[in-house]
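What follows is a set of notes on a single structure, which appears directly below.
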Amino acid sequence: MLLRAAAGLLLTLLAACGRGPAGSLEVEGGELSFVAEQGQAPPPPQTLSLRVDEAGAQRIGSGLKEGEAADWLSTRIDGNPPELKLLVAIVSTSLAPGDYTARLEVATGDAQENILQSREVLVRYRVTGKP
């Protein structure tokens, strides 16, 4: 499966030079939870630590899993391999009160954009009503 075929998967070129078999991808934790009051400031962003074995991995990206829709969040990967941070931020508090869930995918790829490793991260978001 090509990375470009995975909907919403944004890729960032790594400094690694593909040299061998697929490297490993570790994600510290696998779930984030946010709470915000409707119409108020978003909650602070949260981060998860990523560790990438650079052997073979030239790309890393994060995005919503195929078929998911969640315009209320954004993601960014910061740092340099092998230690990286996945930053997840809530960008909207205008949703109706309730519980929302999104499944993110963090994946590494080779120079031909073939997925080498992927991990799922669950994001839960509760919007509370105004008192």
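The values are calculated or read from the model by the stated rules, or taken from the named source; none is laboratory data. Keep in mind the model is a prediction, meaning the values are calculated, not measured. Don't worry about glycine lacking a Cβ; one is built from the backbone with ideal geometry, like all the others, and counts go over all protein chains shown.
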Just to be sure before I move on: is Thr108 touching a strand residue (DSSP E or B) at 6+ places or on another chain (Cβ under 8 Å), in a strand (DSSP E or B), among the β-branched types (Val, Ile, Thr) and over 30 Å from Ala36 (Cβ atoms) in the structure I sent? yes
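For residues that are hydroxyl-bearing (Ser, Thr, Tyr) and touching a Lys or Arg at 6+ places or on another chain (Cβ under 9 Å), tally how many sit in region 75-109. Walk me through how you get there before you give the answer.
First, the residues of region 75-109 that are hydroxyl-bearing (Ser, Thr, Tyr): 75, 92-94, 100-101, 108.
Keeping just the survivors that are touching a Lys or Arg at 6+ places or on another chain (Cβ under 9 Å) gives 100-101, 108.
Qualifying residue count, region 75-109: 3.
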In the set Thr75, Thr101, which member is among the polar types (S, T, N, Q), under 23 Å from Ser24 (Cβ atoms) and in a strand (DSSP E or B)? Thr75
Within region 74-81, is even one residue surrounded by 15 or more Cβ atoms within 10 Å (Cβ to Cβ) and under 15 Å from Gln117 (Cβ atoms)? yes
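Go through region 27-44 and give me each residue that's in a loop (DSSP other than H, G, I, E, B) and in contact with a Lys or Arg (Cβ under 9 Å, 6 or more places away or on another chain).
To start, the set of residues in region 27-44 that are in a loop (DSSP other than H, G, I, E, B) comprises 28-30, 38-44.
Those that are in a loop (DSSP other than H, G, I, E, B) and in contact with a Lys or Arg (Cβ under 9 Å, 6 or more places away or on another chain): Glu28, Gly30, Gln38, Gly39, Gln40.
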Name the one entry in Ala70, Ala89, Ala96, Ala55 that is under 30 Å from Gly129 (Cβ atoms), of a type in the set (A, V, I, L, M), out of contact with any strand residue (DSSP E or B) (no Cβ under 6 Å at 6 or more places or on another chain) and in contact (Cβ under 8 Å) with a residue 24 or more places away in the chain. Ala96
Testing Leu10 on (1) surrounded by fewer than 16 Cβ atoms within 10 Å (Cβ to Cβ); (2) of a type in the set (A, V, I, L, M); (3) at pLDDT 90 or above, one condition comes back false. Which one is that? (3)
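Any residue that is over 14 Å from the mean Cα position of the chain (by Cα), among the small types (Gly, Ala, Ser) and crowded, with 20+ Cβ neighbours inside 10 Å - is there at least one of those in region 92-113?
Within region 92-113, the first condition is being over 14 Å from the mean Cα position of the chain (by Cα), and the residues that meet it are 92-100, 109-113.
Imposing the further condition that a residue be among the small types (Gly, Ala, Ser) reduces the set to 92, 94, 96, 98, 109, 111.
In the following step, the residues that additionally are crowded, with 20+ Cβ neighbours inside 10 Å were identified as 109.
Scanning region 92-113, I find at least one residue that is over 14 Å from the mean Cα position of the chain (by Cα), among the small types (Gly, Ala, Ser) and crowded, with 20+ Cβ neighbours inside 10 Å, so the answer is yes.
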Within region 13-46, of all residues that are over 15 Å from the mean Cα position of the chain (by Cα) and of a type in the set (D, E, K, R), the one modelled with the lowest pLDDT is Arg19
Among residues belonging to region 47-71 that are assigned to a loop (DSSP other than H, G, I, E, B) and either over 19 Å from Ala111 (Cα atoms) or modelled with pLDDT of 90 or more (or both), point out the one that is farthest from the chain's Cα centre (by Cα). Gly67
